[in-house]
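Heads up: the structure comes next, in structure tokens.
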Amino acid sequence: MIPYGRQDIRPEDIEAVTEVLKSDFLTQGPAVPAFEAAICEAVSARHAVAVSSATAALHIACLALDLGPGDWLWTSPITFVASANVGIYCGAKVDFVDIDPETFNMSPDALEAKLRDAEAAGRLPKVIMPVHMAGQPCDMEKIGALARRYGIRVIEDASHGIGGRDGATPTGACAHSDIAVFSFHPVKIITTGEGGAATTNDPALAERMALLRSHGITRDPGRMTRPSEGGWYYEQLELGFNYRMTDIQAALGRSQMRHLGERIDRRHERAAVYDAAFDGWPLKRPWQRPDARSAYHLYIVRLDDGFDRGQVFAALREAGIGVNVHYIPVHLQPFWRQFGFGPGDFPSAEAYYAAAITLPLHATLSEADQSQVISAVGAALGR
Ligand SMILES: *Cc1c(COP(=O)(O)O)cnc(C)c1O
């Protein structure tokens, strides 16, 4: 099976991990801050907090913005369930903003209309969480301006997005948001096995997230409420978690970061081959913002009317192509139905879902494998 996504592990990555295994620190050593510094430099953010997963990063990002009971979190229905779940972790309520059918990202127009209604109803969200779907940057300028107008905080779910940019601004620079979050799961752009990071330009948010990552405990005398009782002394200031990233993971991540640009270039080259091959075929190729560079985490096509997505999907799997679908709209998941969501709530998201198929795209996809994918898609579409 040719997978839709796959890690790209090079000999130098293995060496970097081996070095940590021979060192004094497997966790809470120097590799984590070194990885965080590499992220800051690559995405032009002042602070980065590396954690055990993007889900953990989204959770502590929400907590750092004081999302809690009585508050609303709004995100996109076309995302991985974790984006919405973290709102429930915080005891908040969650709602969705429909997507733009062209970009697959949260529609700024739908957001504007929903904010107007929410203001009238007295239920504005505390936090909105746009998702850079497939690595394609959202229109953060518009979303950020709306958030500022209504006094709302913004977390970018940039799980797909590291290495992308909007104009000259890297995804994760937080130019129009409070916090951005990356995932380092093996199918994403770079990997640490499991892992994630939150970036921000606000030192207070960075400090709060660092505290929440490790049980709410500080050893910083400047933050303690009482004089130190000795060299062993630490204080727990609030309820945190063990969301730490190990040094083993961070060394892998730091090594992977060295070729971030090249990895994105490879994805664009492969995407261009698909684009050329599918010219005139009965499908829509993924739209690309002219003034932005997608990280190209996923290559998603939408089948034209008249094709049954289920049948085409099954034929491609049968042919050994590891196609996938990103994503089943979150509001249609059984868990989310208890909050009153159902079919018809977010029509653009549902129409997108009915026609979408993710084709294999990753930095190590060979030309031969890609040709096989293209032939199989042709056969499935009767070409
Ligand atoms: C992968 C992903 C997550 C969760 O990432 P983990 O690192 O697996 O926790 C969250 N949001 C989106 C959009 C993702 O694709």
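The values are calculated or read from the model by the stated rules, or taken from the named source; none is laboratory data. All of these numbers come straight from a predicted model, not from anything done at the bench. Note that each Cβ is placed from the backbone with ideal geometry, even for glycine, and that neighbours are counted across all protein chains shown.
Could you list, in sequence order, all residues of segment 202-216 that are away from the ligand (no atom under 16 Å from the Cβ) and either crowded, with 24+ Cβ neighbours inside 10 Å or farther than 19 Å from residue 37 by Cβ (or both)?
Residues of segment 202-216 away from the ligand (no atom under 16 Å from the Cβ): 202-208, 210-211, 214-216.
Correct list: 204, 208, 211, 215, 216.
What are the residues in segment 29-59 that are within 12 Å of the ligand (Cβ to nearest atom), assigned to a helix (DSSP H, G or I) and buried (at least 24 other Cβ atoms within 10 Å of the Cβ), if any?
From segment 29-59, those within 12 Å of the ligand (Cβ to nearest atom) are 50-59; that's our starting set.
With assigned to a helix (DSSP H, G or I) added as a condition, the list becomes 54-59.
Within segment 29-59, 54, 56, 57, 58, 59 qualify.
I'd like the full set of residues that are more than 15 Å from the ligand (Cβ to nearest atom), within 18 Å of the chain's Cα centre (by Cα) and either closer than 12 Å to residue 119 by Cα or among the β-branched types (Val, Ile, Thr) (or both), limited to segment 144-162.
Answer for segment 144-162, where residues must be more than 15 Å from the ligand (Cβ to nearest atom), within 18 Å of the chain's Cα centre (by Cα) and either closer than 12 Å to residue 119 by Cα or among the β-branched types (Val, Ile, Thr) (or both): just 154.
Which ones in segment 147-204 are charged (D, E, K, R) and closer than 25 Å to residue 66 by Cβ?
Within segment 147-204, 148, 149, 153, 156, 157, 178, 202 meet the criteria.
Could you tell me which numbered condition residue 12 fails, if it satisfies all but one of (1) surrounded by fewer than 24 Cβ atoms within 10 Å (Cβ to Cβ); (2) touching a residue at least 24 places away in the same chain (Cβ under 8 Å); (3) within 23 Å of the chain's Cα centre (by Cα)?
Tallying (1) surrounded by fewer than 24 Cβ atoms within 10 Å (Cβ to Cβ); (2) touching a residue at least 24 places away in the same chain (Cβ under 8 Å); (3) within 23 Å of the chain's Cα centre (by Cα), residue 12 fails exactly one: (3).
Across segment 172-201, which residue is farthest from the ligand (Cβ to nearest atom) among those that are in contact with a strand residue (DSSP E or B) (Cβ under 7 Å, 6 or more places away or on another chain), small (Gly, Ala, Ser) and over 18 Å from residue 5 (Cβ atoms)?
The selected residue is 175.
Pick out the one residue from 254, 302, 317, 267 that is touching a Leu at 6+ places or on another chain (Cβ under 7 Å), at pLDDT 95 or above, away from the ligand (no atom under 16 Å from the Cβ) and not in a loop (DSSP other than H, G, I, E, B). Don't jump to the end; show me each part of the working.
Values: 254 fails: touching a Leu at 6+ places or on another chain (Cβ under 7 Å); 317 fails: touching a Leu at 6+ places or on another chain (Cβ under 7 Å); 267 fails: away from the ligand (no atom under 16 Å from the Cβ).
302 is the lone residue from the list that is touching a Leu at 6+ places or on another chain (Cβ under 7 Å), at pLDDT 95 or above, away from the ligand (no atom under 16 Å from the Cβ) and not in a loop (DSSP other than H, G, I, E, B).
Output the number of residues of segment 126-140 satisfying the condition of being more than 10 Å from the ligand (Cβ to nearest atom), within 20 Å of residue 153 (Cα to Cα) and not basic (Lys, Arg).
7
Count, please, the residues in segment 209-243 that happen to be on the phi < 0 side of the Ramachandran plot, in contact with a Leu (Cβ under 8 Å, 6 or more places away or on another chain) and not aliphatic (A, V, I, L, M).
Counting residues in segment 209-243 that are on the phi < 0 side of the Ramachandran plot, in contact with a Leu (Cβ under 8 Å, 6 or more places away or on another chain) and not aliphatic (A, V, I, L, M) gives 7.
Tell me the residue from 240, 280, 231 that is more than 16 Å from the ligand (Cβ to nearest atom) and over 30 Å from residue 35 (Cα atoms), please. Let's see the steps before the verdict.
On the way: 240 fails: over 30 Å from residue 35 (Cα atoms); 231 fails: over 30 Å from residue 35 (Cα atoms).
On inspection, the qualifying residue turns out to be 280.
When both residues are 6+ apart or on different chains and their Cβ atoms are under 9 Å apart, which pairs have a first residue that lies in segment 314-328 and is in contact (Cβ under 8 Å) with a residue 60 or more places away in the chain, and a second that is within 16 Å of the ligand (Cβ to nearest atom) and in a strand (DSSP E or B)?
Listed by first residue and then by second, the contacts come to 322/3; 323/358; 324/3; 324/358; 326/300; 326/356; 326/358; 327/356.
What number of residues within segment 61-76 satisfy the criterion of being within 12 Å of the ligand (Cβ to nearest atom) and in contact with a helix residue (DSSP H, G or I) (Cβ under 6 Å, 6 or more places away or on another chain)? So that I can check it myself, show each step before the final result.
First pass over segment 61-76, keeping only residues within 12 Å of the ligand (Cβ to nearest atom): 61, 75-76.
Subsequent filtering for residues that are in contact with a helix residue (DSSP H, G or I) (Cβ under 6 Å, 6 or more places away or on another chain) retains 75.
Residues that pass the stated criteria total 1.
Output the qualifying pairs, or none if there are none: Cβ atoms under 7 angstrom, residues six or more apart or on different chains, first residue in segment 78-106 and basic (Lys, Arg), second residue assigned to a strand (DSSP E or B) and surrounded by 18 or more Cβ atoms within 10 Å (Cβ to Cβ).
Short answer, once both residue conditions are applied: 93/72.
Taking residue 24, is it in a helix (DSSP H, G or I), among the acidic types (Asp, Glu) and over 30 Å from residue 167 (Cβ atoms)? Outline the logic, then answer.
On the way: in a helix (DSSP H, G or I): no; among the acidic types (Asp, Glu): yes; over 30 Å from residue 167 (Cβ atoms): yes.
It is false that residue 24 is in a helix (DSSP H, G or I), among the acidic types (Asp, Glu) and over 30 Å from residue 167 (Cβ atoms).
Looking at residue 86, is it within 17 Å of residue 71 (Cβ to Cβ), at pLDDT 95 or above and in contact with a Lys or Arg (Cβ under 6 Å, 6 or more places away or on another chain)? Reasoning before the result, please.
On the way: within 17 Å of residue 71 (Cβ to Cβ): yes; at pLDDT 95 or above: yes; in contact with a Lys or Arg (Cβ under 6 Å, 6 or more places away or on another chain): no.
Here the answer is no, as residue 86 does not meet what is asked.
Please work out which one of (1) within 25 Å of residue 335 (Cα to Cα); (2) in contact with a Pro (Cβ under 9 Å, 6 or more places away or on another chain); (3) surrounded by 24 or more Cβ atoms within 10 Å (Cβ to Cβ) is the condition residue 138 fails and give its number.
Unmet for residue 138, out of (1) within 25 Å of residue 335 (Cα to Cα); (2) in contact with a Pro (Cβ under 9 Å, 6 or more places away or on another chain); (3) surrounded by 24 or more Cβ atoms within 10 Å (Cβ to Cβ): (1).
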